[in-house]
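The values are calculated or read from the model by the stated rules, or taken from the named source; none is laboratory data. Only a predicted model underlies this, so the values are computations on that prediction, with no experimental measurement involved. Here the Cβ is made from the backbone with ideal geometry for all residues, glycine too, and neighbour counts use every protein chain on show. We work out accessible area using only protein heavy atoms, side chains counted, and drop any ligands, DNA or RNA first. Shrake-Rupley method; radii C 1.70, N 1.55, O 1.52, S 1.80 Å.
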Amino acid sequence: MLDEKDEKLSNDSSKENSVETNEVVNTPSENQATDDVEATSKSTAEESKELNEENIVSEDVLEEIDDSNAEDAEDTDNHQRHVIPLLDYHAMSMENLVGELQRLVKNEKVQAIRKHIDGIKYEFDLKFQEFLEHKKEEFVSNGGNEIDFKYNSVTKRQFNEVYSEYREKKNQYHKSLENSLKDNLEKRLQIIEDLKGLVNVEEDINTTYKNFKDLQESWRTAGPIPRNNYNDVWRTYHHHIEIFYDFLHLNRELRDLDFKRNLEEKQKLVERAEALETVADLNTAFQELQTLHKIWKEDIGPVDKEHREAIWERFSNATKALHSRRQGHFAELEKTYEVNLVKKHEIIEGIKAITTNVSKNHKGLQQQIKEIEALRESFFSAGKVPQKVNEKTWASFKDSVRDFNRQKNAFYKDQKKEQQDNLDKKRALLELALSLKDSEDTEMATSEMKRIQNEWKKIGHVPRKFSDKIWKQFKDACNHYFDRLNASKNEAQKDELENFELKAACLERLQGFHLSGNRNEDLDAIKGFIAEWKAIGRVPFNKKSINAKFNKILDALFKKLDIERQEAEMMKYGNKIQQITNGENTEHALQRERTFIRRKIDESKSEVRQLENNLQFFSNASEDSPVVKDVIKKINAHKEDLATWKAKLKKLNILKNNLNKEEVEEENDSVDAENDSEA
């Protein structure tokens, strides 16, 4: 290990052979420790007064260079990190971050990807935390208890697996490297001790010089040491190199020869450093500058005092020039970051604007969700912002998205309840459809099926997992019924066509009928045609016009026989009564016909009242007025219709009473039969 003196001297070592130091020393003397040891005790304040700021290379850039070279010196594979691009991890999705992590761990040296892995992990953790909070809010909004929330993310599991693989590789690397670095450190410390022993030794100066050169060669091949020891060990080594050269003042020829060779090598480095001014790629130029500082420090010894200040000043100026270019580049980047910050603030405000007016319907909300997602993508692709506001900007973005998600989740929580209610309604309709699908009461079932189909359409959405299944069940039940109905109609169609042929023949004979002049015989003949017509069943719907033709001929014959309109209507109405009586559901058909006639009676009464009211406006008009005559004619016509409808209703009531009487008699007969049986 370093002794106390070496520790102190290492902290006061020459900048000429240093890449990073906490104290910037102006053009140090190569034999600083021996010629001017007192200078090392100057206070920082006293030194600052003596420094010319224009000739000082920024501490920051020297620290950066020295840290980087120390890292590279530990393992030459570390240098590969410079050529592995640092991507815009902020703009990547979690899935893409996992993919990039896998690629780096699989294909690159573990010691060269630390910054890349740290950047990926930082962004992944931010995005996953946002994602997890969103899922938790959804869970709670759906009725869950926050303490019960668990989420199994495949993406997170993949990330953890790859990151664990990286950590394992890194630990194995450092474990295997640790002993080697420790041994190399011991070797270098021993070389420094051997250098100390060369001073004031009583032997031939040429032998001493040869031993010095051997130690230098051993130093060059001693291998890497821990980066934490790198700078201190090198400073101490150079310090004792300078002491040895001061010791060589007894043999200036050997010393001057080394000084000359070192000066030539440093001049070459300076020229290479000055040429970096024209290199467009600043990253490449800075990496080259780091290499030059490394060579300056590790491979080339000191020069004579006459050239020492000038050569270091040239090298410092070249370093400072490149540093100034980099600072300018960083300043431009900061401007870009400020522009990006404005963009991100605009995006956040856009999210907030949507959040203040969240849609209250599914379609509108889905559109807003797409808009929010587009804004999220824009946020991630907007680029970096100044580091000092990065966390604050991210928090503001996350909060704005969370506010929208909370309102969205609340909407769908309410909608879920509504959809459950809709599901219950549709299940009730499904049960009804299933109960009707095999019904033989086609008139009632058809009407009811059509009603529940219309009602089904009016009910809103149901939960997606039930939607397809319940719709298929309902549709199958409806199709089953209407397929049966259509099959039945097709069978009935044959009978209806036969009925049409019979009615057509009857109509043809009625058209050829001529009145004989005997009113009673003619009326009996007409009633016979009506009875025959009644006995024939229904005809196809598209051929029902034959009934109108039949009634038209009857009206003409009744007119010739001078039969009143009401009497004629009642004679024809017997056809309808017969159809009701012969139908399958007489009670239902009778009730429907009575409802129809009552509506017609109300309409006729209303028309009569309206026309009589209108007639009052013509109180001063003559009864011979065409308008008055027309109104009176209409009133009389409606009164006749009213009388006819009342007569039809009376006939229906008689039919209903007869049916009820028959039903009572049947019940009485049944009771008598039971009594007789018991007796």
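Computed FRET efficiency, Cβ-Cβ of K560 and D630, R0 22 Å: what is it to the nearest 0.05?
Working: r = 27 Å, r/R0 = 1.23.
That gives a FRET efficiency of 0.25.
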- Message: If I model a spin label at T446 and K360 as a point 7 Å from the Cα along the Cα→Cβ vector, what separation in nanometres do I get?
- Response: 4.3 nm
- Accessible area per residue, Å², segment 138-268 with all protein chains present, probe 1.4 Å: 58 Å²
- Note on the structure: Loop-resident chymotrypsin sites (Phe, Trp or Tyr not before Pro) in segment 100-194 with no more than 15 other Cβ atoms inside 10 Å, DSSP not H/G/I/E/B, are F149, Y151
- Between Y122 and L615, 0.36 nm times their residue separation minus their Cα-Cα distance comes to what? 168.1 nm
- Note on the structure: 1/(1 + (r/R0)^6) with r = Cβ-Cβ of S218 and R167, R0 = 56 Å, i.e. FRET efficiency to nearest 0.05, evaluates to 0.95
- At A374 and F513, where each label point lies 7 Å from the Cα along Cα→Cβ, what is the point-to-point distance in nanometres? 7.9 nm
- Return the inverse of the average 1/r over all pairs of distinct C-alpha atoms in segment 305-428, which is the Kirkwood hydrodynamic radius, in Å to one decimal. 18.7 Å
- Query: So for the pair T586, E277, with labels modelled 7 Å out along Cα→Cβ, what separation do we get in nm?
  - Reply: 12.2 nm
- Average silhouette area of segment 92-151, convex hull of alpha-carbon atoms, in square nanometres: 4.8 nm²
- Item | Cut-off 15 Å (backbone N to label point 7 Å along Cα→Cβ of R402), residues of segment 105-145 | 126-141
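May I ask which of K437/K457; K543/K650; K115/K388 have a Cα-Cα span longer than 21 Å here? Kindly include the intermediate steps, with their values, before the conclusion.
Numbers: K437/K457 19 Å; K543/K650 31 Å; K115/K388 19 Å.
With Cα atoms farther than 21 Å apart: K543/K650.
Would you mind calculating the gained length between Q158 and K388 on full extension (0.36 nm times residue separation, minus the Cα-Cα distance), in nm to one decimal? Display every interim value, and only then the final one.
Values: separation 230, 0.36 × 230 = 82.80 nm, distance 3.14 nm.
So the chain would gain 79.7 nm between Q158 and K388.
In segment 76-163, what trypsin sites (Lys or Arg not before Pro) fall in a loop by DSSP, with at most 14 other Cβ atoms inside 10 Å?
Values: sites: R81, R103, K106, K109, R114, K115, K121, K127, K135, K136, K150, K156, R157; in loops: K109, K150.
Sparse-neighbourhood loop trypsin sites (Lys or Arg not before Pro): K150.
Once you sort the root eigenvalues of the Cα gyration tensor of segment 125-260 as a ≥ b ≥ c, which label holds: rounded (a/c under 1.5), prolate (a/b larger than b/c) or oblate (the other case)? Before the final figure, lay out the partial values.
Working: a/c = 5.90, a/b = 4.37, b/c = 1.35.
Cα axes put segment 125-260 in the prolate bin.
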- Express the carbon and sulfur contribution to the solvent-accessible surface of segment 263-359 as a percent, rounded to the nearest whole number, probe 1.4 angstrom. 52 percent
- Query: Between A428 and K661, what FRET efficiency follows from the Cβ-Cβ distance if R0 is 60 Å, with the result rounded to 0.05?
  - Reply: 0.90
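Order 327-334, 449-456 from most to least packed using the mean count of other Cβ atoms within 10 Å.
Most protected by this proxy first, the peptides run 449-456, 327-334.
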